[in-house]
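Notes follow once the structure below has been shown.
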Amino acid sequence: MKVLTLLSFLIFTQSTWAKSYVIFSLAQDLSMGNENEVIRKNYYINMGSGQGVKKDSVVDVFRIISVQNPYDNKTRVNYKVKIGELKVLHAMNEASIAMVSEYEKEDSTPIFELPQFMVGDHVSINVD
């Protein structure tokens with residue numbers, strides 16, 4: 001009986017241990033070809049009021065850079081690098097819509113293949 005209770009506890013709590021919050025979609029204005037045109041983008045994240053996010057909250061955006069080390073049994077090293085911040089425009093229980101608040105300065109971040117935010121980038125609540 002104790003084993004069954006312990007097993008059910010582990011199964012129940014395992015789903016709540018480490019949820020990953022990410023940008024799961026984006027939408028943007030269409031370019032009209034005008035000079036000095038600003039293309040607005042909305043970023044959809046799977047973090048909302050249920051996680052403490054509300055309108056005007058700021059969330060940090062991180063990119064996971066995965067590199068294989070050929071000198072250490074080809075182990076893979078994952079770097080979690082902050083690339084900027086999003087400001088929440090609208091929050092629901094489990095999802096939010098946000099826009100760019102700021103990007104990290106190029107001279108203080110590693111080189112990225114895509115310097116803007118993209119689907120799959122990780123987000124977390126900004127505690128500054």
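Taken together, the values in this text are just the output of simple stated rules run on the coordinates, not laboratory data. Please read these numbers as outputs of a predicted model, since none were measured by experiment. Backbone-built Cβ (ideal geometry, glycine too); neighbour counts: all protein chains shown.
Would you work out if region 47-87 is rounded, prolate or oblate? Take a ≥ b ≥ c from the square roots of the eigenvalues of the alpha-carbon gyration tensor; rounded if a/c is under 1.5, else prolate when a/b is larger than b/c, oblate otherwise. Prolate, since a/c reaches 1.5 and a/b exceeds b/c. Rg and Dmax over the alpha-carbon atoms of region 20-79 stand at 18.1, 53 Å.
For the chain, the mean residue ellipticity at 222 nm estimated from helices alone is -4000 deg cm²/dmol, where every DSSP H run of n ≥ 4 contributes -39500 (n - 2.57) and the total is divided by all residues, rounded to the nearest 500. With a/c under 1.5 counting as rounded, go ahead and sort region 70-113 into rounded, prolate or oblate using the C-alpha gyration tensor (a ≥ b ≥ c being the square roots of the eigenvalues; past the cut-off, prolate if a/b is larger than b/c, else oblate). Cα axes put region 70-113 in the oblate bin. Once each of the trypsin sites (Lys or Arg not before Pro) sitting in a DSSP loop with at most 13 other beta-carbon atoms within 10 Å is removed, the chain keeps 75-104 as its longest stretch.
Take the convex hull of the alpha carbons in the chain; its mean projected area over all directions comes to 12.7 nm².
Full extension of the chain between ASN73 and TYR44 yields a length gain of 6.6 nm, computed as 0.36 nm times the residue separation minus the alpha carbon distance. On a 0 to 90 degree scale, rounded to 10, what angle separates helix 2-17 from the longest Cα axis of the chain? For 2-17 against the chain, the angle is about 10 degrees.
Per-residue 3J(HN,Hα) values for region 98-112, derived from phi via the Karplus relation 6.51 cos²θ - 1.76 cosθ + 1.60 with θ = phi - 60°, read 9, 10, 5, 9, 6, 9, 5, 5, 4, 6, 10, 10, x, 6, 10 Hz in sequence order (x marks Gly and Pro).
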